[in-house]
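Peer 1: Below you will find the structure I want to go over with you.
The values are calculated or read from the model by the stated rules, or taken from the named source; none is laboratory data. What you see is a predicted model; the values in this text were computed from it and never measured. With ideal geometry, Cβ positions are generated from the backbone for all residues, glycine too; neighbour counts draw on all protein chains shown. These area figures cover heavy atoms from the full protein model, side chains too; ligands, DNA and RNA do not enter into them. Shrake-Rupley method; radii C 1.70, N 1.55, O 1.52, S 1.80 Å.
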Amino acid sequence: MAISLQKLCLVIVSVFSVFFPFSHPTLLSHALMPVRCPAHESEALLRFKAAFNDSQGYFSSWVNGTDCCTMWTGISCNIQTNNVVSLRVSPLGSIQGVISANLCQLPFLTSLSISGVTGTATTPPCLGNLSSLEFLDLYGNGFSGSIPTSICLLTHLTHLGLSSNNFNGSIPSCFGNLASLRNLHLADNQLSGSIPASLGNLSFLVFLTLYKNQVSGMLPDSVGNLSSLTYLLLSYNQFSGSIPASLGSLSFLGYLGICNNQLSGSIPASLGNLSSLSRLDLGANHLNGSIPASLGKLSSLWYLILHNNQLSGSIPASLGSLTLLRSLYLENNQLTGSIPESLGNLLLLGFLDIRNNQLTGTIPLSFAQLSSLTEFKADGNRFNESISSWSLPASLVNLYLSLNHNQSISETFFHNLTILKYLHISDCVLSIRRTWIPPFQLNQLSLVSCTIGHGEFPLWISTQFSLDALELVNIGLIGEIPSWLWETNLLLNSLNLSRNHLEGSLFSNTSIWMQLVILDVSRNGLRGHIPSTWGPNMTILLLNDNLFSGNIPPSLSILSQLQLLNLANNNFTGVIPTSLSKCSSLSVLNLGNNSLKGILPLEFSQLSELYSLVVHNNKLNGSFPPSLVNCTKLQVLDIGNNLFEGEIPIEITNLSGLRVLVMKGNNFIGSIPQEIGQLKNLQILLLSSNHISGSIPQTIVSLQAMAIESQYGFILSTSQVPYRDGLDMTLKGTDQHYTYILSTLTSLDLSNNELEGEVTSNLGNLKGLRLLNLSMNNLNGTIPSSLGEMNQLESLDLSRNYFSGKVPAELESLNYLGSLNLSNNNLSGCIPQGRHITGTFGESSYSGNPNLWGCPLPKNCSWPQFSHAPLVLVTKENKNKKSIEYVWYSIALGLSCGAGFGVIILLIFIKESTRRIYFDKVDEILKYLFPWMKNLTV
């Protein structure tokens, strides 16, 4: 039977309405009959188009005089009224311009989608006039400013997408009035504030995405009212507080992601009620407590991600019931106990990561049946039982494993791991025969802190012909690097042989180095000159802590991709090659602890990507090059212990990102610039052992990074590996080396200079300081009581100055203080007799203050105290003039006192009346001071 044309059209309409989201019987203008869009609407669209620079011809079909409904890309019209009801612009960055208000002259729009338009600034304020809108998506246009509240007037909206813009400010609370809303996408903006509780009114909401913003505060309980929600993604924000138990009532929820926030407290057991949940991601927070056994009820779960928290207790055996689970990430927590045998039931499990916990026991025998497991990472635990060779499945491709140092892994352990490609083993004994031939061909091999036998390179590595990365760190290697290492591994591009006892030189064969991208041979005993030829793709070159000598090859300048260069702690001589400035990608340059001389190249100002520059402990001279301020990304600058001279340039305060500034042990003169307070990110300032004079600037209390009590510091990172610097700092009178210093330390050291005047009373504002050293200067006045507010202070040295007055009782509140030196000042009175101050620090902390009393000094505070003339202290050798004046003053005072005393003695012995008057007065004074002597008779 023939089908009429009318019926055929209806079928087509039905199919389109099902399979195309923007299709609707009223929109299919070209499918049914010719239409002609109203002239005023086509004119508005042409004016809308005119606001763009359409160099790629995206709007080429928008031609004046043609029908916008049937011929223009992205336009759909109502088949009955011919009005434009849908506008879709998605040029993917091919056009620039402004989204003009002309689109608001399309009052019948029900769907508006504009994405990938660059150069836009703000959304048209008239959007709220498009009262018929049901679908609004403005993804990825670079909009800035606050989200316009006029959107709240669009009460018919079912979809609102504002992701991947630059919106800031808070989420409008009036969004809670959009009662028809199904999808709300606000991800990847700069939104702040908290989630409005009013969003809990959106009972039809299915999708809520808010990841990659700066939203803070607690998650409101009202989120649990979103009864239709299937997708909730709040990751990469600043949420704090606990996870509301009300989330457990979202019975349709399939995806819950709140990772990379600051959530604390325990994981609510109510989350075990989310029977539809397929992905749970709570990683990278501050969650504590145990993993709820109720999570074992999540029968639909595919992914469970709880890494990087503070979870404790054991891994619940109930997780073995999650038979659909594909990935389980529990690394970087504080989990204890053994791995549950029940995890062997997870036959679909492909990825298991339990690294860096405190797990003990062994790998369960049931793991042999995990036929889908391709990646198993378990290093950084405390496994203390032997491992069977058949405990792991043959499906493994990636294996990370560490044991206790007394535990052994034999070659039989690897017997059935025939497809293994990535092997990382640490902290164990490898009991492997020299002639062993592995059943696998590896791409990457890492052996860290293992015992391998007699210090020889494991010969079995020579059977691996596909290695692109080899790491043999701290495994006791001795002797020279064997030639077969290069001859066998022709694909090698990453080599780490650090922390061994290697000797000899690096090969000069250029073909060896041409393929390398990463080379780390630091902390060995290698000597000789370093090769002058390297591959152009080298990004990381770490040769520090060896015995290399000679000049630094200028040819390193060809390494345009080089990001990290560390040549510290060697015997390099000569000048620093100016050609290093051509390493345009350099992020970290460390040349410290060598014998380099000359000036710091002015050309270093061209290193625009430089984050860390360390040249301490050399023989560099000249003035500090102000041109370094052009290195605007600089965060670490250490030029300490050289021969630099001149004044501290004011220009250095323009390095706004500077976190560490070390200029100690040079010949700098002049005063500390008042502008130093502009370095808001500075957390370490070491200017000790120079000839700096003047007063400590008042602005020093403006160093905001030193005022943060919970200082987490930072880690310099390149695209491939993290890098942390170490520093030498003075503590307890001696230089001590701090490694990984930037992760926690804050320090201010101005010691051994010629500073004078009083210390600002607001110095205690630097509440985040851990080390404060102002010793060996000419500072006077009283010790500020505000120092008692430095709750993080671990070391305080104010010795060898001219401080006077009492020891502030407020210092007793410094609970973390482990080193205190107030010696050789003019302090007086009784030392505060608190438990911390007197119980922790000995006499040496207070010696050289003759008017100071009390424990731990020999003189008790209850003894009679007489006023003494202040003792003149010679605090530094370079104060010769002042010292000579004090010597002559002391001689004159001594002669005067001696002559006066002699006259008195002579009168007493010659004249009896004088003698009687003298002893009567003495009796009166003694009886007044000691009343009990009144009753004594002789």
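Peer 1: Those residues that are of a type outside the set (Val, Ile, Thr), closer than 14 Å to residue 138 by Cβ and open to solvent by 20 Å² or more (accessible area, probe 1.4 Å), I need them from region 85-99; list them, please. Even if it seems obvious, please write down each step before you answer.
Peer 2: Within region 85-99, the first condition is being of a type outside the set (Val, Ile, Thr), and the residues that meet it are 86-88, 90-94, 96-97.
With closer than 14 Å to residue 138 by Cβ added as a condition, the list becomes 87-88, 90-91.
Correct list: 88, 90.
Peer 1: Residue 480 passes all but one of (1) open to solvent by 50 Å² or more (accessible area, probe 1.4 Å); (2) under 25 Å from residue 411 (Cα atoms); (3) not hydroxyl-bearing (Ser, Thr, Tyr); which number fails?
Peer 2: (2)
Peer 1: Run down 581, 587 and say which single residue is farther than 28 Å from residue 703 by Cβ, open to solvent by less than 20 Å² (accessible area, probe 1.4 Å), out of contact with any Cys (no Cβ under 7 Å at 6 or more places or on another chain) and of a type in the set (S, T, N, Q).
Peer 2: Being farther than 28 Å from residue 703 by Cβ, open to solvent by less than 20 Å² (accessible area, probe 1.4 Å), out of contact with any Cys (no Cβ under 7 Å at 6 or more places or on another chain) and of a type in the set (S, T, N, Q) holds for just one of 581, 587, which is 581.
Peer 1: Moving on. Here's a check for you: in region 627-641, which residue that is part of a loop (DSSP other than H, G, I, E, B) and either out of contact with any Leu (no Cβ under 8 Å at 6 or more places or on another chain) or open to solvent by less than 10 Å² (accessible area, probe 1.4 Å) (or both) is farthest from residue 675 (Cα to Cα)?
Peer 2: Across region 627-641, the extreme among qualifying residues is 641.
Peer 1: If I ask for residues that are among the small types (Gly, Ala, Ser) and not in a loop (DSSP other than H, G, I, E, B), which ones from region 425-450 would you list?
Peer 2: Within region 425-450, 426, 431, 446 qualify.
Peer 1: Let me ask something additional. Looking at (1) open to solvent by 50 Å² or more (accessible area, probe 1.4 Å); (2) over 28 Å from residue 476 (Cα atoms), find the lone condition where residue 421 falls short.
Peer 2: Against the list (1) open to solvent by 50 Å² or more (accessible area, probe 1.4 Å); (2) over 28 Å from residue 476 (Cα atoms), residue 421 comes up short only on (2).
Peer 1: May I pose another question? Could you check residue 175 against (1) more than 35 Å from the chain's Cα centre (by Cα); (2) part of a helix (DSSP H, G or I) and say which number it fails?
Peer 2: All conditions pass for residue 175, except number (1).
Peer 1: Hey, could you check region 499-516 for residues that are touching a Ser or Thr at 6+ places or on another chain (Cβ under 9 Å) and buried (at least 19 other Cβ atoms within 10 Å of the Cβ) and say which is modelled with the highest pLDDT?
Peer 2: Ranking the qualifying residues of region 499-516, first place goes to 499.
Peer 1: Further question: Return yes when residue 559 is within 24 Å of residue 610 (Cα to Cα), open to solvent by less than 40 Å² (accessible area, probe 1.4 Å), touching a Cys at 6+ places or on another chain (Cβ under 7 Å) and not small (Gly, Ala, Ser) and no when it is not.
Peer 2: For residue 559, the condition - within 24 Å of residue 610 (Cα to Cα), open to solvent by less than 40 Å² (accessible area, probe 1.4 Å), touching a Cys at 6+ places or on another chain (Cβ under 7 Å) and not small (Gly, Ala, Ser) - is met.
Peer 1: In addition: Based on this model, can you work out whether residue 392 counts as of a type in the set (A, V, I, L, M, F, W, C) and modelled with pLDDT of 90 or more? Reasoning before the result, please.
Peer 2: Values: of a type in the set (A, V, I, L, M, F, W, C): yes; modelled with pLDDT of 90 or more: no.
When the stated conditions are applied, residue 392 does not pass them.
Peer 1: If you don't mind, there's one more thing I want to ask. Restricting attention to region 612-626, does a residue exist that is of a type in the set (D, E, K, R), open to solvent by 30 Å² or more (accessible area, probe 1.4 Å) and part of a loop (DSSP other than H, G, I, E, B)?
Peer 2: Looking for residues that are of a type in the set (D, E, K, R), open to solvent by 30 Å² or more (accessible area, probe 1.4 Å) and part of a loop (DSSP other than H, G, I, E, B), one finds none in region 612-626, hence no.
Peer 1: Is one or more of the residues making up region 787-807 of a type in the set (A, V, I, L, M, F, W, C), out of contact with any strand residue (DSSP E or B) (no Cβ under 8 Å at 6 or more places or on another chain) and not in a loop (DSSP other than H, G, I, E, B)?
Peer 2: no
Peer 1: Which residue pairs have Cβ atoms closer than 6 Å, lie 6 or more positions apart in sequence or on different chains, and pair a first residue in region 436-455 that is farther than 17 Å from residue 406 by Cα with a second residue that is of a type in the set (S, T, N, Q) and not in a loop (DSSP other than H, G, I, E, B)?
Peer 2: 437/463
Peer 1: Which residue, of 550, 535, is outside any helix (DSSP H, G or I), open to solvent by less than 20 Å² (accessible area, probe 1.4 Å), within 22 Å of residue 466 (Cα to Cα) and among the small types (Gly, Ala, Ser)?
Peer 2: On the way: 550 fails: within 22 Å of residue 466 (Cα to Cα).
Criteria check complete, one pass: 535.
Peer 1: Shifting gears a bit: Within region 451-461, restricting attention to residues that are assigned to a loop (DSSP other than H, G, I, E, B) and at pLDDT 90 or above, which residue is nearest to residue 415 (Cα to Cα)? Walk me through how you get there before you give the answer.
Peer 2: Just the residues of region 451-461 that are assigned to a loop (DSSP other than H, G, I, E, B), to begin with: 452-458.
Cutting the leftovers down to at pLDDT 90 or above gives us 457-458.
Numbers: 457: 22, 458: 18 Å.
The residue in question is 458.
Peer 1: Name the residues in region 141-175 that are open to solvent by 10 Å² or more (accessible area, probe 1.4 Å) and among the small types (Gly, Ala, Ser), would you?
Peer 2: Result: 142, 144, 145, 146, 150, 163, 164, 169, 170, 173.
Peer 1: If you don't mind, there's one more thing I want to ask. I'd like to know if region 767-780 contains one or more residues that are open to solvent by 50 Å² or more (accessible area, probe 1.4 Å) and within 18 Å of residue 703 (Cβ to Cβ).
Peer 2: So far as region 767-780 goes, yes, one or more of its residues are open to solvent by 50 Å² or more (accessible area, probe 1.4 Å) and within 18 Å of residue 703 (Cβ to Cβ).
Peer 1: Between 223, 215, 206, which is in contact with a helix residue (DSSP H, G or I) (Cβ under 9 Å, 6 or more places away or on another chain) and of a type in the set (Val, Ile, Thr)? If you could, list the steps in order and put the result at the bottom.
Peer 2: Details: 215 fails: in contact with a helix residue (DSSP H, G or I) (Cβ under 9 Å, 6 or more places away or on another chain); 206 fails: in contact with a helix residue (DSSP H, G or I) (Cβ under 9 Å, 6 or more places away or on another chain).
Testing whether each residue is in contact with a helix residue (DSSP H, G or I) (Cβ under 9 Å, 6 or more places away or on another chain) and of a type in the set (Val, Ile, Thr) leaves just 223.
Peer 1: Which residue out of 287, 295 is closer than 20 Å to residue 334 by Cβ and part of a strand (DSSP E or B)?
Peer 2: So the residue among 287, 295 that is closer than 20 Å to residue 334 by Cβ and part of a strand (DSSP E or B) is 287.
Peer 1: Among the residues of region 590-610, count how many are buried (at least 22 other Cβ atoms within 10 Å of the Cβ) and part of a loop (DSSP other than H, G, I, E, B).
Peer 2: Here the count works out to 7.
Peer 1: Sticking with this one: So is residue 243 within 21 Å of the chain's Cα centre (by Cα), surrounded by 19 or more Cβ atoms within 10 Å (Cβ to Cβ) and of a type outside the set (Lys, Arg) or not?
Peer 2: no
Peer 1: Has region 75-84 got at least one residue that is surrounded by 20 or more Cβ atoms within 10 Å (Cβ to Cβ), under 24 Å from residue 187 (Cβ atoms), at pLDDT 90 or above and of a type outside the set (A, V, I, L, M, F, W, C)?
Peer 2: No, because not a single residue in region 75-84 is surrounded by 20 or more Cβ atoms within 10 Å (Cβ to Cβ), under 24 Å from residue 187 (Cβ atoms), at pLDDT 90 or above and of a type outside the set (A, V, I, L, M, F, W, C).
Peer 1: Please verify whether residue 181 is hydrophobic (A, V, I, L, M, F, W, C) and within 23 Å of residue 281 (Cα to Cα), treating the condition exactly as stated. Please lay out each step first, then the result.
Peer 2: Numbers: hydrophobic (A, V, I, L, M, F, W, C): yes; within 23 Å of residue 281 (Cα to Cα): no.
Against the criterion (hydrophobic (A, V, I, L, M, F, W, C) and within 23 Å of residue 281 (Cα to Cα)), residue 181 does not qualify.
Peer 1: Out of curiosity, is residue 592 within 23 Å of residue 571 (Cβ to Cβ) and modelled with pLDDT under 95?
Peer 2: No.
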